[in-house]
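Colleague: Sharing a structure here in structure tokens format.
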Amino acid sequence: MTSPLLEIDNLHVCFDTRAGTVQALRGVSLSLAPGETLGIVGESGSGKSVTAQAVMGLIDVPGRISEGEVRWQGRPLAGRNADRDARPVWGKEITMVFQNPMTSLNPLMTVGSQISEVIELHLGLSRPAARRRAAELLSSVGISGAERRLDQYPHEFSGGMRQRVMIAMGIACEPKLLIADEPTTALDVTIQAQILELMAELQEKMGLAIVLITHDLGIVAGLCHRVAVMYAGQIVETGLVDAIFENPLHPYTQGLIRSTPGLDAEEERLTAIEGAPPGLLQPPAGCSFLPRCPIGDKGCEAPQAMRIFETGMVACRKAGVPAWSEAL
Ligand SMILES: Nc1ncnc2c1ncn2[C@@H]1O[C@H](COP(=O)(O)OP(=O)(O)O)[C@@H](O)[C@H]1O
Ligand SMILES: [Mg+2]
């Protein structure tokens with residue numbers, strides 16, 4: 001078995017706010033192998049972006065990692081015992097693409113100088129060499145007339161083209177891991193499909209590992225090997241994409257699949273999950289999904305139980321044993 005590239009181990013992240021301590025992540029554990037694509041899905045507020053921020057070292061006051069750690073190729077990268085010498089991996093070996101490229105691109109700098117800057121900084125290339133590399137990168141993400149495009153400003157690009165620029169910057173230093181946080185949410189469906197196709201292509205060509213964060217399970221189906229489902233700051237189910245879509249074990253995952261158009265075999269069953277997730281100021285000790293769960297009972301108020309199997313896990317007391325043996 002290949003050793004993991006990235007390990008997130010029992011990660012707890014809190015935000016100290018005026019109203020109290022928001023427990024944004026409560027014991028998140030994940031691992032990622034080289035070249036693997038992992039989808040993280042869940043409703044808004046479930047902790048997807050905070051997970052990505054923790055991996056990128058972006059948790060800042062009022063936030064803090066209160067327990068657990070992130071390891072990169074076995075070295076502690078974030079958390080109490082973080083190894084300061086491991087920091088250069090940020091921006092070089094691990095890069096991130098955000099939902100809204102307009103907030104991460106500098107409107108006053110040409111696209112060419114922004115890409116070249118990253119290359120000069122991390123790869124130590126001369127300015128002319130960095131510019132040549134930037135042009136190659138723009139072509140490789142499907143932007144035509146790259147030479148001319150280098151001298152344009154972000155506002156001269158469409159939304160989809162800006163996201164391609166962000167991806168070009170993300171892969172400029174040939175990272176081992178690209179984290180994409182809702183990279184296509186702001187784009188229309190056709191452009192969205194093109195960007196996802198581009199990511200799949202790069203993944204194959206570069207052997208890149210990808211963490212794809214989305215609230216849309218349909219997107220995960222097309223691109224990911226494995227998926228982790230988040231709910232209220234915890235992972236409630238992980239597994240291989242095909243297995244999870246075929247036989248979701250957690251009632252929340254089942255609800256998500258039933259509410260995603262095109263995923264459920266019987267479209268007429270398309271139903272939203274009623275209710276809302278619990279507040280994270282005082283989250284329950286037991287299952288957070290209990291108030292919305294169709295099969296939960298009193299027993300689920302006891303501290304969360306987790307079942308681990310070869311290719312994933314589920315945090316549900318009710319995931320029936322017969323269904324389990326089938327899943328294995
Ligand atoms: N800077 C912050 N201050 C206080 N709470 C925060 C902050 N950032 C995130 N949170 C809280 O952490 C939880 C997880 O947020 P986030 O990871 O952004 O969710 P999402 O799954 O939508 O990406 C939410 O309850 C959010 O309100
Ligand atoms: Mg988010």
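The values are calculated or read from the model by the stated rules, or taken from the named source; none is laboratory data. The model shown is predicted, which means the values in this text are computed figures rather than measured ones. With ideal geometry, Cβ positions are generated from the backbone for all residues, glycine too; neighbour counts draw on all protein chains shown. The area values use the complete protein model at the heavy-atom level, side chains included, leaving out ligands, DNA and RNA. Shrake-Rupley method; radii C 1.70, N 1.55, O 1.52, S 1.80 Å.
Colleague: Select, from R26, R64, R80, the only residue that is modelled with pLDDT of 95 or more, more than 16 Å from ligand 2 (Cβ to nearest atom) and farther than 30 Å from A272 by Cα.
Modeller: R64
Colleague: Same structure, new question: Looking only at the stretch 46-57, filter to residues that are closer than 20 Å to L223 by Cβ and open to solvent by less than 20 Å² (accessible area, probe 1.4 Å); which one of those is farthest from ligand 1 (Cβ to nearest atom)?
Modeller: Filtering the stretch 46-57 for residues that are closer than 20 Å to L223 by Cβ and open to solvent by less than 20 Å² (accessible area, probe 1.4 Å), the one farthest from ligand 1 (Cβ to nearest atom) comes out as V55.
Colleague: Also, quick follow-up: Only one of (1) within 22 Å of H215 (Cα to Cα); (2) in contact with a helix residue (DSSP H, G or I) (Cβ under 9 Å, 6 or more places away or on another chain); (3) more than 16 Å from ligand 1 (Cβ to nearest atom) is not met by G35, so which one is it?
Modeller: That leaves (1) as the condition not met.
Colleague: Please work out if A221 is buried (at least 18 other Cβ atoms within 10 Å of the Cβ) and within 16 Å of ligand 1 (Cβ to nearest atom).
Modeller: no
Colleague: OK, next. Considering only the stretch 297-320, state which residues are in contact with a helix residue (DSSP H, G or I) (Cβ under 8 Å, 6 or more places away or on another chain) and open to solvent by 30 Å² or more (accessible area, probe 1.4 Å).
Modeller: E301, R307, F309, T311, R317, K318, listed by residue number.
Colleague: Can you work out which of the residues in the stretch 1-17 that are at pLDDT below 95 and of a type outside the set (S, T, N, Q) is most open to solvent (accessible area, probe 1.4 Å)?
Modeller: M1
Colleague: Among the residues of the stretch 100-114, is any part of a loop (DSSP other than H, G, I, E, B) and within 16 Å of ligand 2 (Cβ to nearest atom)?
Modeller: So far as the stretch 100-114 goes, yes, one or more of its residues are part of a loop (DSSP other than H, G, I, E, B) and within 16 Å of ligand 2 (Cβ to nearest atom).
Colleague: Moving to a separate point now. Can you name the residue in the stretch 83-99 that is open to solvent by 70 Å² or more (accessible area, probe 1.4 Å) and within 16 Å of ligand 2 (Cβ to nearest atom) and, of all such residues, is modelled with the lowest pLDDT?
Modeller: Per the criteria, the residue is Q99.
Colleague: Which condition number in (1) open to solvent by less than 10 Å² (accessible area, probe 1.4 Å); (2) more than 19 Å from the chain's Cα centre (by Cα) is the one that D151 fails?
Modeller: So the condition that D151 fails would be (1).
Colleague: Going through the stretch 165-178 one residue at a time, which ones are open to solvent by less than 30 Å² (accessible area, probe 1.4 Å) and either closer than 16 Å to T103 by Cβ or assigned to a helix (DSSP H, G or I) (or both)?
Modeller: Answer for the stretch 165-178, where residues must be open to solvent by less than 30 Å² (accessible area, probe 1.4 Å) and either closer than 16 Å to T103 by Cβ or assigned to a helix (DSSP H, G or I) (or both): V165, M166, I167, A168, G170, I171.
Colleague: Based on what the data block shows, is R307 among the charged types (D, E, K, R), modelled with pLDDT under 90 and at negative phi?
Modeller: Spelling it out, R307 is indeed among the charged types (D, E, K, R), modelled with pLDDT under 90 and at negative phi.
Colleague: Which one of these is away from ligand 2 (no atom under 16 Å from the Cβ) and either open to solvent by 50 Å² or more (accessible area, probe 1.4 Å) or over 23 Å from the mean Cα position of the chain (by Cα) (or both): E43, E117?
Modeller: E117
Colleague: Could you check the stretch 1-88 for strands (runs of 3 or more DSSP E) lying wholly inside it with 1 or more residues that are without any contact (Cβ under 8 Å) to a residue 12 or more places away in the chain?
Modeller: Filter on the stretch 1-88 gives 75-79.
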